[in-house]
Each structure stands twice: as structure tokens, then as C-alpha cells.
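Bear in mind that the values in this text are calculations on the coordinates, not laboratory data. This one's a predicted model, so the numbers in the text were calculated from it and none came from an experiment. Neighbour counts are summed over all protein chains in view; Cβ atoms, including those assigned to glycine, are modelled from backbone coordinates with ideal geometry.
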Amino acid sequence: MAESNPTVNEEPVFKTVQELIAGGEQLSELERYVHRGSDGGFLDVSQPEMVTPLIDLGRLSSSSPAAGEELEKLRSLLSTWGCFQLINHGMTAEFLDKVREITKQFFQLPREEKQKYSREAGSIEGYGSDVIISEHQTLDWIDRLYLTVHPEDHRKLKFWPGKPENFREILHDYITKLALIADELLKALAKSLDLEENCFLGQYNRETAKLYARFNYYPPCPRPDLVLGVKPHDDASAITFLLQDKEVEGLQFFKDGQWFRAPIVPQAILVNLGDQVEIMSNGVFKSPVHRVVTNSEKDRISLAVFCIPDSDQQIEPVEKLVNETRPRLYKSVKNYVDIYFQYYQLGRRPIEAARI
Ligand code: OGA
Ligand code: NI
């Protein structure tokens, strides 16, 4: 989920999952990860695979007739699944492998090295465990490194690993590319609905929007039938880019009452919409509910990049998408990420807070 700066005071300091495992599992500590009763008892991790929805960025942005077909595909995918696999995005397979590599290498560093970048209790930026908002919270089986990455003057470099040596450079290059792709996609979203090209991009406001990177590490888990890597959620972002592990699956999307496995497409970046585009589109586009399941054999990494409008930016349904057959579904909101966390804490679907 996208977390920019929720206020979580008095958070107890908690071990990362890697530390838990290294220290030998204490049953009392593992209890905090166990989902009871959700999904009607045990978690069923073996779900059907979703049809691989590919979108070709080159075609989408071209002026050839192929663009029209690609836009229609985009519209159809985003109004049903809310996600797709982006290909032909201008980054080579080798480069994406480097991004995966720095992610792996960071989590493989000795504990003392990683701890130099530890987040402080009550704050989200840096290296650490799942953020603990309430003592009743079921914890996610995940360690992460969370960084503000764009614009450059918002970076807090003290949390940026100095090892592996190319970490900062690769991350910088990756983010620079994604910031441009986010603009292109937001334009394409508008075009796919025959709307003026800037109607989503204008609210997103690329001048002030922020990008956050969440490096995720999922250690092998002894009980995939009881523990989740990330519990079901939708993202608070406008758009999320996810670079998945090349070998190990885990991500699942919820659609029509059922979970579906997201397949691995090594050269693709998985894009999913967040709540803020669902609001802007008056519900035409979906912010999908998704989760991550664990497995007992292999560890898994991923890198999520959340593109989030500035907290002062007003977000509301585009006027042209409100009419008699589609009444206005959402209010105008500001600082949606804060609203998101208040609701998340109550165990409610955050976008309900923006509903009329
Ligand atoms: C997230 C998320 C999916 C994954 O970080 O919000 O949904 O596969 N991650 O790690
Ligand atoms: Ni997510």
C-alpha cells in the first residue's frame, strides 16, 4: 500500500521478519502474524492465474492506428482488473535485472549494515518491519526499505543505502524513467475515455506529485496457510508500479469475489491503479484489491513505486465523467493518504471514506 507519512505515534519497536527467523521462532511472536478467520479459516494460496493483460507503451503513445486499439485495451483492463503488465516501456531487461539485483543485495547485507538505515519508531521512511498501527493488527510477513524518491530535493539520503555501491545510481535512473511513464500513462487514461489529455494529469500535478519506493523482502514462511506477505488492500496512490521477482510469485488480485495469481512477466512492470485515480475517474477505473501470499521454500523480493499527488492537491471526479447515468460517487478530497490510514486502522476499505 502506499504510505507517505501517516502519524503512528508510540509504535512499539518490532523485529524484522529476518531477525525473527534468525533468532529462532518464538511462538508468541509468530502469533502476531497469524490470520484467524479471514478467508473462512485457512488461506487458500493456490488460486487460478489471471489472464496476462499486456499493454505496449510504445503503441499507446504512437500516432498510428494501433494506438486506438491499445487505448481500448487499456480502458477495458482498467475498468475491470485495474491493473496490467506494461511492456515496451523503454527499459532494457538487463536494467530491470539490475534493479532486482540491488534490492536482493540490500536485504542480504549483514544486519548491522541494514540497521544503519533503520526507520525510527512512528515514522515510515527507512528499513524495518511492517508498521504497527494498532496492537490488534495482524502483521505482514515482510521487511521493507521505504524511501521518498521524487522530487530529488525531498530525498532523505541518510536512509539511502551506500551498499551495494550502485544502489543510489540505479534507483535514481529507475525513478527518473518511471516519473515520465506515469505522465504518459495518465494522458493515455484520459485519451482512452475520449477526454482532454490533461484531465487526470492536471489533478495529479506532476510539478508537486511525490514518488515513494518500497523495496519489499518476503522471507520463506513456515505457514503460508496462516500468514500473508501483505494483507488485502488497495493502494492510496494514483498509480503504482511494481517490479516483481523474476522467479517467485506471490501477488494476487481480487476480482468478482475471487483471488487470481498475477503471473511473472520478467520484462514487464506491473501497473495497478490506486484509489486516487478511481476517485478522479468517478469509479470508471478500478483501484484493485490485492494481497501477497507467502511460500515456505523461497524468499521473494519486489519493488513498488507509488505515485502520489501532493497532500495539498484537491482530488475529485472529472466533471465529464459525472452524468445522469453515472452520478457522482466521490467527494473532493485532499491529503487522501492521511484519510487512507485512519480508515485502514479501523479495518475498513479506505476509499469508502471518499464516497458520497
Ligand atoms: C504493495 C504491494 C505487492 C508485491 O507494496 O503495496 O501490493 O508483490 N506489493 O510486493
Ligand atoms: Ni499494494
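What share of the DSSP beta bridges in the chain is antiparallel, in percent to the nearest 5?
Details: 47 of 52 bridges.
Here the share of antiparallel DSSP bridges comes out near 90 percent.
Ranking Glu135, Glu120, Glu316 by Cβ neighbours within 10 Å, fewest first, what do you get? It would help to have the intermediate numbers written out before the result.
On the way: Glu135 7, Glu120 12, Glu316 17.
The order, fewest Cβ neighbours first, is Glu135, Glu120, Glu316.
Working from Cα positions, state the angle (0 to 90°, nearest 10) between the long axis of helix 167-192 and the longest principal axis of the chain.
The angle comes out near 30 degrees.
Which FRET efficiency, nearest 0.05, do Leu195 and Gln108 yield, Cβ-Cβ r, R0 45 Å?
Details: r = 46 Å, r/R0 = 1.02.
The value I calculate is 0.45.
Could you work out how much longer the chain between Asn335 and Ser62 gets when fully extended? Use 0.36 nm per residue separation minus the Cα distance between them, nm to one decimal.
Values: separation 273, 0.36 × 273 = 98.28 nm, distance 3.44 nm.
Stretched out fully, the Asn335 to Ser62 stretch lengthens by 94.8 nm.
Stretched out fully, how many nm does the piece from His172 to Gln47 gain, at 0.36 nm a residue minus the Cα gap? The partial results should precede the final answer.
Numbers: separation 125, 0.36 × 125 = 45.00 nm, distance 3.58 nm.
Value of the extension gain: 41.4 nm.
If R₀ is 30 angstrom, what is the calculated FRET efficiency for the pair Glu19 and Arg349, using the beta carbon separation as r and rounding to 0.05?
E between Glu19 and Arg349, to the nearest 0.05, is 0.40.
Given points 7 Å out from each Cα along the Cα-Cβ axis, report the Glu247 to Glu101 separation in nanometres with one decimal.
With each label point 7 Å from Cα toward Cβ, the separation is 1.5 nm.
Ranked highest first by the average count of other Cβ atoms within 10 Å around their residues, in what order do 295-301, 235-241 fall?
Working: 295-301: 15.6, 235-241: 28.6.
Most protected by this proxy first, the peptides run 235-241, 295-301.
Taking the chain as the reference, fit the longest principal axis to its C-alpha atoms, fit the long axis of helix 93-108 to the helix C-alpha atoms, and give the angle between the two in degrees, 0 to 90, nearest 10.
The angle comes out at about 30 degrees.
Please sort 333-339, 64-70, 145-151 by packing, taking for each peptide the average over its residues of neighbouring beta carbons within 10 angstrom, highest first. Write down the numbers at each step before the final one.
Values: 333-339: 18.9, 64-70: 13.3, 145-151: 21.6.
So the peptides 333-339, 64-70, 145-151, ranked by packing, come out 145-151, 333-339, 64-70.
Which residue, His136, His154, His290, tops the fluctuation ranking in a GNM of the chain built on C-alpha contacts under 10 Å?
Looking only at His136, His154, His290, the biggest GNM fluctuation is shown by His136.
From the phi of every residue in region 233-244, what ³J(HN,Hα) in whole Hz does the Karplus formula 6.51 cos²θ - 1.76 cosθ + 1.60 yield, where θ is phi - 60° and glycine or proline is x?
6, 10, 8, 7, 6, 8, 9, 10, 10, 10, 9, 8
Output the 0 to 90 degree angle, nearest 10, between the alpha-carbon long axis of helix 336-345 and the longest principal axis computed from the alpha carbons of the chain.
For 336-345 against the chain, the angle is about 50 degrees.
Output the relative contact order of the chain, whole-number percent, from Cα pairs under 8 angstrom with separation of 6+ residues. Mind showing how you got there, number by number?
Values: 703 pairs, mean separation 77.4, N = 356.
With pairs under 8 Å counted, the relative contact order is 22 percent.
Under the Karplus relation 6.51 cos²θ - 1.76 cosθ + 1.60, θ = phi - 60°, what is the ordered set of whole-Hz ³J(HN,Hα) values for region 14-22, x standing for Gly and Pro?
3J(HN,Hα) across region 14-22, in whole Hz: 10, 5, 6, 5, 4, 5, 4, 5, 4.
Can you give the extra length, in nm with one decimal, that the chain gains between Glu69 and His35 once fully stretched, where that is 0.36 nm per residue apart less the Cα-Cα distance? Don't jump to the answer; show the numbers that get you there.
Working: separation 34, 0.36 × 34 = 12.24 nm, distance 4.29 nm.
Extra length from Glu69 to His35 when fully extended: 7.9 nm.
Given R₀ = 51 Å, FRET efficiency for Asp153-Arg328 by Cβ-Cβ distance, to 0.05?
Working: r = 37 Å, r/R0 = 0.72.
Rounded to the nearest 0.05, the efficiency is 0.90.
Rank these for me by crowding, Tyr330, Tyr217, going from fewest to most other beta carbons within 10 Å. Working shown, then result.
Numbers: Tyr330 22, Tyr217 25.
So the ranking, lowest neighbour count to highest, is Tyr330, Tyr217.
Can you put Asp183, Asp245, Asp256 in order, fewest other beta carbons within 10 Å first? Let's see the in-between values first.
Numbers: Asp183 16, Asp245 22, Asp256 6.
Ranked by crowding around the Cβ, least crowded first: Asp256, Asp183, Asp245.
Over region 17-354, what number does the Rg to Rh ratio reach, with both radii from the alpha-carbon atoms and Rh per Kirkwood? Walk me through the numbers before you get to the answer.
Details: Rg = 19.5 Å, Rh = 20.6 Å.
In region 17-354, Rg relative to Rh is 0.95.
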